[in-house]
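All of the numbers you see were taken from the coordinates with simple rules; none came from a lab. All figures in this text were calculated on a predicted structure; none of them were measured in a lab. Cβ placement follows ideal geometry from the backbone for every residue including glycine, while neighbour counts extend to all protein chains displayed.
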Amino acid sequence: MNEAFFLLGAYLLGSVSFGILVSKAFGLPDPRTHGSGNPGATNVLRSGKKIAALLTLLGDAAKGWLAVWLAQHYGLGDEVVYGVAIAAFFGHLYPVYYGFKGGKGVATAAGILLALSPWLGLSVLATWILAFFMWRISSLAALIAAGFAPVYAAAFFGFGLKVVVVLLLSLMLVWRHKSNIKKLLAGEEAGFGKPKAGHQPPQ
């Protein structure tokens with residue numbers, strides 16, 4: 001019963017969309033109605049309100065971290081902790097409060113990984129930052145970081161259940177980026193600080 005309570009609680013916590021809540025608090029358009037239609041920090045940033053994007057990022061990461069930390073704090077077994085991690089992530093992707101249409105999970109995954117292992121989370125975060133500064137494309141950075149996450153997990157912990165969980169989170173994140181992958185392959189994915197595909201900067 002206790003385990004089921006934590007799993008359900010993690011899903012419900014993960015279902016909270018800080019992008020929607022923060023945008024409403026700042027009087028900004030619902031992020032699902034503009035840009036990529038994704039209620040995440042990157043799309044909130046397109047509203048021009050950097051503090052709103054930062055709060056979205058921190059909120060989405062914090063809920064993933066908190067769900068896992070609580071399971072660890074109350075001494076639940078590893079299997080339950082990993083189940084909580086997946087439930088929180090699944091809640092962000094498919095939130096019950098918003099018709100099961102959620103975000104892509106980058107910030108929430110980062111929070112979960114930081115809770116599972118600070119070194120793992122920081123390694124993945126550093127990979128995202130490096131990839132973003134190289135290409136200035138958030139989705140590409142996320143996909144690269146997701147690809148390296150299970151590799152880092154295997155290097156830190158050896159092959160075991162934790163690596164399987166990290167791999168599952170990575171695969172779910174990649175799946176949620178399938179539309180971005182199509183745009184990347186077509187050279188149409190928008191980046192930050194770059195002109196959109198097909199547009200030349202003014203001379």
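Tabulated data for the structure shown
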read-out	value
Positive minus negative residues near THR33 (Lys, Arg vs Asp, Glu; Cβ under 14 Å)	+3
For region 1-115: rounded, prolate or oblate by the Cα gyration tensor [a/c cutoff 1.5]	prolate
Lysines with Cα under 24 Å of LYS24, excluding same-chain neighbours fewer than 8 positions away	LYS49, LYS50, LYS63, LYS101, LYS104
On Cα atoms only, tilt of 161-176 relative to the major axis of the chain in degrees	30 degrees
Rounded if a/c under 1.5, otherwise prolate or oblate - the chain, Cα gyration tensor axes	oblate
Sites matching chymotrypsin sites (Phe, Trp or Tyr not before Pro) across region 59-93 that sit in DSSP coil, with at most 11 neighbouring C-beta atoms within 10 Å	TYR74
Computed [θ] at 222 nm, helices only, for the chain once each DSSP H run of length n ≥ 4 contributes -39500 (n - 2.57)	-22000 deg cm²/dmol
Relative contact order (%) - the chain, alpha-carbon pairs under 8 angstrom, separation at least six	18 percent
Check: region 2-186 dipole with +1 on Lys, Arg Cβ and -1 on Asp, Glu Cβ, in debye	820 debye
Between helix 78-93 and the chain: long-axis angle, C-alpha atoms, 0 to 90°, nearest 10	30 degrees
